[in-house]
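Data first, discussion second: the structure below is written as structure tokens.
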Amino acid sequence: MQRRRPATFAAGRQLTIPPEMRLRLYQILRNICQRFQQPVPLRRMQQLPDLSNTSQTALLCGIVIGAGLLLTRAGIAFHHRWAAVPHQYPTFWTSSQIVFLEQTRVLIGIALTATWVSLLVVSPALPKSSPFGLMEVVLTIILILLTNAWILLVIPRDWKHTFIGKMSFGHALACIVVWWSILLGASMFAIAESATANADRPIYVIGTFA
């Protein structure tokens, strides 16, 4: 029995494409080319104008002064902690109220830490400028000042002679909670607004891509 050889294309034979398919392929290629020639929104970091020498000096001085105060007060707090210096609260505050105030201080510290973490997470999305980001440095200075204020709240002191110590415990606690809620809430809002506003500004690049 004679075996059949598999069918092959003859030399020089061309594959023919129906006219309808050629028209369809032409339309697809034309749409692709038009798509690449249209403006393409890119989610990129907004580039702000370069900072002047005066702005750079002012921001760097703010960072240095704030960091110096932070380290100084942190050293004082550790020294008082090591020396076991107690807080002196008003005599009309009860022991349970004092414990509740100390727990409130811890919660404020946790919220402040979360604010620092939020700034570190969104810092790549903040608007950039040369030699460093303006918004990032301003927000960092604000958080350094808040950290200084929180350390002042933690350092053992004589609360009897302070403005808070002259209030009843309920009013004093409400004042502390409202004040810190406003400060931390405004800081979180500023961080989120800066990152979101920058992400919502698409940069259009017009041209043909290879």
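The values are calculated or read from the model by the stated rules, or taken from the named source; none is laboratory data. The structure displayed is predicted, hence computed values, not measured ones. No Cβ is skipped: glycine too gets one built from the backbone with ideal geometry, and neighbour counts run over all protein chains shown.
Restricting the search to segment 48-86, which residues are loosely packed, with under 15 Cβ neighbours inside 10 Å, in a loop (DSSP other than H, G, I, E, B) and in contact (Cβ under 8 Å) with a residue 40 or more places away in the chain?
P49, D50, V85, P86
Please work out which residue is surrounded by the fewest Cβ atoms within 10 Å (Cβ to Cβ), limiting yourself to segment 152-166 and to residues that are of a type in the set (V, I, T) and under 22 Å from A83 (Cβ atoms). Steps first, answer last, please.
Narrowing segment 152-166 to residues of a type in the set (V, I, T): 154-155, 162, 164.
Among the residues that remain, those that are also under 22 Å from A83 (Cβ atoms) are: 154-155, 162.
Details: V154: 18, I155: 17, T162: 12.
Ranking the qualifying residues of segment 152-166, first place goes to T162.
Applying the selection to segment 64-88, what residues are among the aliphatic types (A, V, I, L, M) and at pLDDT 80 or above?
First, pick out the residues of segment 64-88 that are among the aliphatic types (A, V, I, L, M): 64-65, 67, 69-71, 74, 76-77, 83-85.
V64, I65, A67, L69, L70, L71, A74, I76, A77, listed by residue number.
Filter segment 88-124 down to the residues that are surrounded by 15 or more Cβ atoms within 10 Å (Cβ to Cβ), touching a Lys or Arg at 6+ places or on another chain (Cβ under 9 Å) and not aromatic (F, W, Y) and list them by number.
Answer for segment 88-124, where residues must be surrounded by 15 or more Cβ atoms within 10 Å (Cβ to Cβ), touching a Lys or Arg at 6+ places or on another chain (Cβ under 9 Å) and not aromatic (F, W, Y): just P90.
Could you tell me which of the residues L173, L153 is out of contact with any strand residue (DSSP E or B) (no Cβ under 6 Å at 6 or more places or on another chain) and modelled with pLDDT of 90 or more?
Working: L153 fails: modelled with pLDDT of 90 or more.
After ruling out the rest, the residue left standing is L173.
Quick one: how many residues across segment 167-195 are touching a helix residue (DSSP H, G or I) at 6+ places or on another chain (Cβ under 8 Å), loosely packed, with under 15 Cβ neighbours inside 10 Å, under 19 Å from Q97 (Cα atoms) and in contact (Cβ under 8 Å) with a residue 24 or more places away in the chain?
So the answer is 1.
Specify the residue that is farthest from M188 (Cα to Cα); the eligible residues are those in segment 150-165 that are in a helix (DSSP H, G or I) and in contact (Cβ under 8 Å) with a residue 24 or more places away in the chain.
Start the filter on segment 150-165 by keeping residues that are in a helix (DSSP H, G or I), which leaves 150-154, 159-161, 164-165.
Right, trim to in contact (Cβ under 8 Å) with a residue 24 or more places away in the chain and you get 150-154, 159-160, 165.
Working: W150: 16, I151: 19, L152: 21, L153: 20, V154: 22, W159: 29, K160: 32, G165: 29 Å.
Within segment 150-165, the match that is farthest from M188 (Cα to Cα) is K160.
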